[in-house]
1. Which of the residues belonging to the stretch 62-96 are free of Cβ contacts under 8 Å to residues at least 12 places away in the same chain and within 20 Å of E109 (Cβ to Cβ)?
2. Is there a residue in the stretch 51-73 that is modelled with pLDDT of 90 or more, surrounded by 13 or more Cβ atoms within 10 Å (Cβ to Cβ) and under 30 Å from M138 (Cα atoms)?
3. Having 1 or more residues that are at pLDDT 85 or above is the bar; report the strands (runs of 3 or more DSSP E) wholly within the stretch 80-168 that clear it.
Amino acid sequence: MRPSNCKCATSSSIIKPEWHQTGTLIFLAAITRIPQLKFEAVFIVFSALLAVGVAQIAERAIPLPYSFTYSAPTEDGGNSARQESGDGSGRVSGSYTVNNLEGHSRVVEYIADENGFRAAVRSNEPGTANINPADVSMESSADSSAPVFNNDVLRQPSARPVEPERGQAVRYVLVPSADPRAVGYY
């Protein structure tokens with residue numbers, strides 16, 4: 001029987017060196033026996049081992065649940081809004097909305113979780129259709145016959161092109177390099 005004040009090592013209190021500590025001890029033993037190692041090489045290797053050891057100590061941050069929302073006017077007089085929430089385990093859900101003065105709007109609701117990213121888009125913008133590209137649900141309430149406006153106006157030229165002036169003609173003559181007249185011109 002052990003006395004109550006005895007501080008003996010138990011299996012749970014035995015200190016076991018980590019692999020980076022063991023590697024550092026082996027490295028230090030090796031450099032003391034090999035004198036031809038340069039100081040710079042020793043410094044670089046020791047710094048690398050130290051960095052690995054410190055990196056192993058850092059604990060991973062635990063994700064926290066979050067939620068935010070905002071709404072703001074846009075430069076063109078419309079409105080932009082967004083809301084998002086995460087549960088702290090990697091699941092995120094949210095939406096964003098864009099409205100303009102012409103009454104067009106786009107609402108995108110999305111979910112990102114262990115099943116991937118999924119989005120549902122509702123819009124009444126001209127030129128949109130009820131299609132589902134890349135696993136995105138698209139619901140358009142835009143009139144399919146509504147014109148799509150294009151502000152690019154084709155302008156007709158205001159004047160005829162002017163014919164270029166013709167000056168004295170220049171005549172180019174090929175002169176072989178063996179010709180004495182070509183000395184110094186190549």
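The values are calculated or read from the model by the stated rules, or taken from the named source; none is laboratory data. It should be emphasised that the depicted structure is a prediction, and the values quoted were computed from it without experimental measurement. Ideal geometry is used to build each Cβ from the backbone, glycine not excepted, and the neighbour counts take in all protein chains shown.
1. S71, A72
2. Looking for residues that are modelled with pLDDT of 90 or more, surrounded by 13 or more Cβ atoms within 10 Å (Cβ to Cβ) and under 30 Å from M138 (Cα atoms), one finds none in the stretch 51-73, hence no.
3. Hits in the stretch 80-168: 92-99, 105-113, 116-123.
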